[in-house]
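Heads up, the thing below is written out as structure tokens.
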Amino acid sequence: MIWLGIESSCDETACAVLRDDPLEILSNPLYSQIKEHAVYGGVVPEVAARAHLEKITAITEEAIREAKISISDIDAIAFTRGPGLMGPLLVGASFARGLSRDLSIPAYGINHLEGHLSAAWLTEPDLEPPYLTLTVSGGHTELVLEEPGFKYTLLGRTRDDAAGEAFDKSGILLGLKYPAGSTIGRLAKGKNRKFYHFPRALKNEDNGEFSFSGLKTAVRRYTEVNSKEYIQANLGDITASLEDAIIDMLVSKTVWALKKTGMKTLIVGGGVSANGLLRERLGNYCKSNCIRLAFPSLYNSTDNGAMIAAAAIRRARAGLLPACSTEVKPWLPLAE
Ligand code: KG4
Ligand code: ZN
């Protein structure tokens with residue numbers, strides 16, 4: 001069975017071709033709209049929708065070409081139905097609808113967060129729930145327990161900004177370009193993480209909740225009391241301290257959730273799961289506590305088409321595909 005996975009919820013226009021049985025990613029290209037949004041310091045929904053519209057056909061053609069299949073070989077389509085930005089979601093869903101009608105094949109709407117949590121499964125297909133999941137992206141930060149049958153229980157999420165947003169917004173305050181997450185990871189490598197102590201909100205509270213807006217305020221304050229020259233001269237140590245604070249909050253709450261649920265497997269997904277310090281710290285904790293830890297490949301950590309097809313394949317194998325529909329839902333939590 002050949003699946004086409006389409007992702008267009010935010011600022012990546014992505015399409016992948018996956019074969020199931022045996023599971024294989026045949027292609028997974030994407031167009032990243034970083035250039036379009038960098039000038040605004042964040043994603044502009046209308047600009048994103050237009051860019052998706054301009055690129056989606058070319059990316060799909062590229063995915064089909066790279067997979068060395070013909071369009072008529074595709075058996076089913078999986079596209080992101082939410083959560084995400086309305087305009088960008090509509091572009092992907094309308095494209096999926098057109099293709100599904102032309103080819104007389106089904107199109108299934110997939111939850112973007114379920115996609116992120118299926119990305120690790122592409123590398124470790126023997127992963128089976130129950131397990132604890134940590135989603136850390138530009139729009140979400142949450143700890144969810146997944147049980148067989150795609151049953152999700154929310155253990156805690158962010159009260160305000162997402163972890164990726166904390167990286168991006170703090171980065172912009174420090175003079176970096178959007179999206180700043182991977183740049184901060186690079187600048188911070190090997191630098192002094194104790195250079196400055198940024199706040200860790202809710203860290204010691206007995207719950208799975210996160211809060212990053214206070215950190216953003218602390219970074220703003222830091223840029224007000226220190227000169228541009230001083231910040232520039234110490235950027236490595238400052239970003240290392242900032243990264244330390246964000247990762248400390250993520251790891252502390254994940255450890256809290258592991259203890260609370262007693263789960264022996266942890267799956268991480270979303271753009272921030274590409275972060276080296278998060279991988280290292282969770283890796284150390286899980287290793288010394290005999291917990292299986294699964295991350296997606298670096299490429300599949302951020303938004304891509306393969307993760308959407310992966311979620312559909314997992315559902316197809318379990319006989320739990322959603323009804324065919326091309327309706328979109330900008331607000332679509334995995335679990336309340
Ligand atoms: O999952 P994603 O591609 O899009 C959303 O669904 O939001 O995540 C994008 C987010 C951005 O905030 C970006 O700065 C962050 O992931 N990110 C990182 C790294 N790579 C991407 N954050 C920290 N370290 C990284 N290496
Ligand atoms: Zn995402």
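The values are calculated or read from the model by the stated rules, or taken from the named source; none is laboratory data. In this text, all values refer to a predicted model and were calculated from it rather than measured experimentally. A quick note on method: Cβ atoms are made from the backbone with ideal geometry, for glycine too, and the neighbour counts reach across all protein chains shown. These accessible areas exclude ligands, DNA and RNA; they are computed on the full protein's heavy atoms, side chains included. Shrake-Rupley method; radii C 1.70, N 1.55, O 1.52, S 1.80 Å.
List the residue pairs whose Cβ atoms are under 6 Å apart, where the first residue sits in segment 27-46 and is on the phi > 0 side of the Ramachandran plot, the second is open to solvent by 40 Å² or more (accessible area, probe 1.4 Å) and among the β-branched types (Val, Ile, Thr), and the two are 6 or more positions apart or on different chains.
What qualifies is GLY41/ILE172.
Go through segment 115-134 and give me each residue that's within 16 Å of ligand 1 (Cβ to nearest atom) and either surrounded by fewer than 19 Cβ atoms within 10 Å (Cβ to Cβ) or more than 17 Å from ALA306 (Cα to Cα) (or both).
THR133, LEU134
Only one of PRO88, PRO83 is in the same structural domain as LEU113 (by TED's automatic domain parsing), in contact with a Leu (Cβ under 7 Å, 6 or more places away or on another chain) and at pLDDT 95 or above; which?
Only one candidate passes the filter, namely PRO83.
Looking at (1) among the small types (Gly, Ala, Ser); (2) modelled with pLDDT of 95 or more; (3) more than 15 Å from ligand 1 (Cβ to nearest atom), find the lone condition where SER325 falls short.
The single condition SER325 does not satisfy is (2).
Could you tell me whether GLY262 is closer than 25 Å to THR153 by Cβ and out of contact with any Ser or Thr (no Cβ under 7 Å at 6 or more places or on another chain)?
Yes; evaluated as a whole, the condition is true for this residue.
So which residues in segment 291-319 are in contact with a Phe, Trp or Tyr (Cβ under 6 Å, 6 or more places away or on another chain) and more than 11 Å from LEU122 (Cα to Cα), if there are any at all?
Within segment 291-319, just ALA312 meets the criteria.
Tell me which of these LEU30 doesn't satisfy, since it passes every other one: (1) aliphatic (A, V, I, L, M); (2) open to solvent by 50 Å² or more (accessible area, probe 1.4 Å); (3) closer than 28 Å to ASP126 by Cα; (4) away from ligand 2 (no atom under 15 Å from the Cβ).
Result: LEU30 passes all but (4).
What do you reckon, is ILE25 crowded, with 18+ Cβ neighbours inside 10 Å and not in a strand (DSSP E or B)?
So ILE25 does not fit the description; no.
Quick check on this structure: which one of PRO322, PRO330 is surrounded by fewer than 17 Cβ atoms within 10 Å (Cβ to Cβ) and under 17 Å from TYR152 (Cβ atoms)?
PRO322 is the lone residue from the list that is surrounded by fewer than 17 Cβ atoms within 10 Å (Cβ to Cβ) and under 17 Å from TYR152 (Cβ atoms).
Taking the condition within 16 Å of ligand 2 (Cβ to nearest atom) and open to solvent by less than 60 Å² (accessible area, probe 1.4 Å), does GLY42 pass?
yes
Residues in segment 50-58: is at least one acidic (Asp, Glu), under 30 Å from ILE172 (Cα atoms) and modelled with pLDDT of 95 or more?
Yes, some residue in segment 50-58 is acidic (Asp, Glu), under 30 Å from ILE172 (Cα atoms) and modelled with pLDDT of 95 or more.
Applying the selection to segment 91-146, what residues are polar (S, T, N, Q) and touching a residue at least 24 places away in the same chain (Cβ under 8 Å)?
Once the filter is applied, which keeps residues that are polar (S, T, N, Q) and touching a residue at least 24 places away in the same chain (Cβ under 8 Å), segment 91-146 yields SER94, SER100, ASN111, SER118, THR123, THR133, THR135, SER137, THR141.
Could you check segment 273-312 and list, in sequence order, the residues that are among the hydrophobic types (A, V, I, L, M, F, W, C) and closer than 13 Å to LEU117 by Cα?
LEU293, ALA294, PHE295, ALA306, MET307, ILE308, ALA309, ALA310, ALA311, ALA312
Scan segment 288-310 and tell me whether some residue there is more than 16 Å from ligand 2 (Cβ to nearest atom), touching a Gly at 6+ places or on another chain (Cβ under 8 Å) and open to solvent by 10 Å² or more (accessible area, probe 1.4 Å).
yes
Does segment 100-114 contain at least one residue that is away from ligand 2 (no atom under 16 Å from the Cβ) and crowded, with 22+ Cβ neighbours inside 10 Å?
Yes: segment 100-114 contains one or more residues that are away from ligand 2 (no atom under 16 Å from the Cβ) and crowded, with 22+ Cβ neighbours inside 10 Å.
Here are some conditions: (1) within 16 Å of ligand 1 (Cβ to nearest atom); (2) in contact with a Leu (Cβ under 9 Å, 6 or more places away or on another chain). LEU145 meets all but one. Which one does it not meet?
Result: LEU145 passes all but (1).
Given the conditions (1) under 16 Å from GLY208 (Cβ atoms); (2) in a helix (DSSP H, G or I), which single one is not true for GLU336?
Only one criterion in (1) under 16 Å from GLY208 (Cβ atoms); (2) in a helix (DSSP H, G or I) is unmet by GLU336, namely (2).
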